[in-house]
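Shown next, in structure tokens, is the structure this report addresses.
The values are calculated or read from the model by the stated rules, or taken from the named source; none is laboratory data. Because the structure is predicted, anything quoted here is derived from the model rather than measured. Because the Cβ atoms are built from the backbone with ideal geometry, glycine has one as well, and the counts that use them run over all protein chains shown. Quick note on the areas: whole protein, heavy atoms, side chains included, nothing else; ligands and nucleic acids left out. Shrake-Rupley method; radii C 1.70, N 1.55, O 1.52, S 1.80 Å.
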Amino acid sequence: MKKLYLLLFCLLPLSMQAQDYRTAFGVRLGFSKGLTIKHVVQDHQAIEGILSTRWKGYHLIGLYEWHKDMINDLRSGNLCWFYGIGAHVGYYPTVQYYYNPNGVYYTTSVTPVGIDGIIGLEYMFTRFPLVVSLDAKPYFEFIYPGPDFIDVALSARFYIE
């Protein structure tokens, strides 16, 4: 198994090129799960929309992101890091929603609203239309704050050139 990982590690850089897709859509798997779509609006800048679910509720997140080449060399030109900022709105139906620090129970539907940040790594395959990313998305809620403040996830998106 170690030999397989070593082989993949050595071969993956041979299939890389610069991040040049226009739109990518797929799934986001982490603390919260959902759908994601990313659209490049200009060189090294993109907008991302995420519809996620957690705790029997939903979040709609919008992010503006800046992409930076991680290594400027032909073998690894499509590996980049990115960061961004955005906002979210959520909805939790009538369920018991517990916020531990204040000992507050919400027993009606709640609509949390807040700001989000994001930082991560993105890798684009060139032999098939797939982009994978690993990111951390800290957030702060102004209305009905929840118990967490960061979401870590792995995303896999198919891209359209």
Going by what's in this entry, would L134 be described as within 16 Å of G34 (Cα to Cα) and either surrounded by 13 or more Cβ atoms within 10 Å (Cβ to Cβ) or modelled with pLDDT of 95 or more (or both)?
yes
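So, in the range 111-161, of the ones that are assigned to a loop (DSSP other than H, G, I, E, B) and under 28 Å from Y91 (Cβ atoms), which residue ends up nearest to the chain's Cα centre (by Cα)?
Taking the candidates together, the pick is F149.
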Looking at the range 25-44, I want the residues that are under 17 Å from L121 (Cα atoms) and have a partner that is open to solvent by 90 Å² or more (accessible area, probe 1.4 Å) and modelled with pLDDT under 90 with Cβ atoms under 8 Å, at least 6 apart or on another chain. Which pairs are those?
H39/R22; V40/R22
Hey, among the residues in the range 108-123 that are of a type in the set (A, V, I, L, M) and out of contact with any Asp or Glu (no Cβ under 8 Å at 6 or more places or on another chain), which one's surrounded by the most Cβ atoms within 10 Å (Cβ to Cβ)?
V110
Just checking, which of D73, D20, D43 is modelled with pLDDT under 90, among the acidic types (D, E) and surrounded by 13 or more Cβ atoms within 10 Å (Cβ to Cβ)?
D20
